[in-house]
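One structure below.
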Amino acid sequence: MSGPQHDKDVTTSGFALFVVLSFLLLLASISVGFFSSARNFAFISRNLMQTARDDAVAKSFVLLAAQRYLEWVKTKGEAPRVVSCSLAGRYSRVEVTFRNHAGLVDLNAASPDLLQVGFTAIGANGDDAKRLAATVEAYRMIDPSNASSDLELSVDGGLKHGLFESVSELLDFELPAGVNAFVLNDVFTVQSGSGTVDGRYLSSRVQSAIKALAREGSPFVNSTGKGLPAFTVFATVWSTGQVATRASAIYLPGEGDVAKRTGPIDMDRRAISMDPDNRDSTCDRFFDQASLSLIAELVK
């Protein structure tokens with residue numbers, strides 16, 4: 001058949017085909033977008049769930065290790081500074097590091113000389129360390145009329161004229177570049193209440209500063225401190241040779257044998273850089289069998 005009617009039918013059929021194809025293309029593009037979004041959503045959800053699990057594992061290790069550390073100190077005396085455990089499954093290793101606050105510089109009790117050691121430990125040079133030590137004295141001084149008038153002080157928000165409640169208050173001071181909350185908590189404390197540091201528990205930063213300033217024989221360094229005024233626990237969990245997660249918290253010896261958590265501290269990714277291939281055998285000696293069973297369940 002030919003003629004106008006035939007041409008009209010062909011045109012109508014071609015238009016209909018065009019509409020159908022356009023609809024199919026639109027549906028395909030919507031479907032591709034939908035399935036792509038679904039895959040992205042599933043991927044993000046899996047990552048979020050894994051991150052949450054990693055975080056929970058690290059915090060659980062901190063809690064478990066804190067309680068065991070306190071029990072060890074009370075029953076056996078000086079505890080290990082680092083405990084390293086090989087794991088099975090997704091997590092290959094956990095390293096737990098302990099910091100006894102008897103070896104840290106107390107911001108509320110330390111003398112100017114000891115404060116200078118502390119600020120040297122975080123990287124301040126001689127004059128800056130002295131200036132920061134003097135600033136701490138003025139900051140914590142209850143009666144401001146006793147403060148020296150010729151000090152060059154710089155503290156965001158001004159002087160408190162009260163005791164430090166947290167080491168993080170130092171972040172308002174003019175500190176050396178690169179100093180963060182982790183570095184500060186590796187040197188200073190507000191928990192020991194002592195004007196001395198126990199030479200048995202010095203952090204590496206404090207120990208280096210004492211040697212640099214030739215203060216090994218100073219009266220503020222002793223080995224007869226308060227024992228365990230407070231302690232910090234750092235947990236680093238490894239997975240296939242890489243750090244999967246970290247967590248930390250500060251604890252006080254509570255009533256009985258209970259470790260009382262006072263709060264977390266910010267972790268520096270470079271803070272605890274133990275070698276993942278280090279095969280320390282202290283895990284089986286540090287944790288009792290009940291704890292080891294909990295660890296096995298935790299990392300399944």
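Just so you know, all these numbers are worked out from the coordinates, no wet-lab data involved. Keep in mind that this is a model prediction, so the values were computed, not measured. Please note: Cβ atoms are built from the backbone with ideal geometry, for glycine as well, and neighbour counts cover all protein chains shown.
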- Counting other beta carbons within 10 Å of each Cβ, put ILE142, ILE250 in order, fewest first. ILE142, ILE250
- Query: Calculated FRET efficiency, LYS59 and LEU213, Cβ-Cβ r, R0 45 Å, to nearest 0.05?
  - Reply: 0.75
- Task: Report, in whole Å, the centroid distance computed from the Cα atoms of the range 48-76 and the range 169-229.
- Result: 25
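Using alpha-carbon pairs under 8 Å, 6+ residues apart, how would you state the relative contact order of the range 76-220 in percent? Could the numbers behind the result be given before it?
Numbers: 201 pairs, mean separation 46.7, N = 145.
Dividing the mean separation by the residue count of the range 76-220 yields 32 percent.
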- Amide H contacts of LEU104 (H built 1.01 Å from N, under 5 Å, at least 5 apart or other chain): ASP198
- Distance in nm between label sites at LEU159 and ARG81, each 7 Å beyond Cα in the beta-carbon direction? 3.7
- Message: Among THR189, LEU213, SER166, whose Cα projects farthest towards the positive end of the dipole of the range 103-222, with charges put on the beta-carbon of Lys, Arg (+1) and Asp, Glu (-1)?
- Response: LEU213
- Karplus ³J(HN,Hα) for the range 206-215 (6.51 cos²θ - 1.76 cosθ + 1.60, θ = phi - 60°; Hz, whole; x = Gly/Pro) runs 5, 4, 5, 5, 4, 5, 4, 8, 6, 10
- Item | Which of ASP198, ASP54 has the fewest Cβ neighbours within 10 Å, and the rest in rising order | ASP54, ASP198
- Magnitude of the Cβ-charge dipole of the range 103-222, K/R +1 and D/E -1, about the Cα centre, nearest 20 debye? 400
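If I take every Cα pair under 8 Å that is 6 or more residues apart in the range 54-129, average their sequence separation and divide by the length, what percent do I get for the relative contact order? Walk me through the intermediate numbers first.
Numbers: 40 pairs, mean separation 12.6, N = 76.
Reported relative contact order: 17 percent.
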- Query: Using a Förster distance of 35 Å, how high is the FRET efficiency between ASN222 and ALA52, based on the Cβ-Cβ distance and rounded to 0.05?
  - Reply: 0.20
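Starting with the fewest neighbours, write out PHE231, PHE119 ranked by other beta-carbon atoms found within 10 Å of each beta-carbon. Walk me through the numbers before you get to the answer.
Details: PHE231 25, PHE119 28.
In increasing order of surrounding Cβ atoms, one gets PHE231, PHE119.
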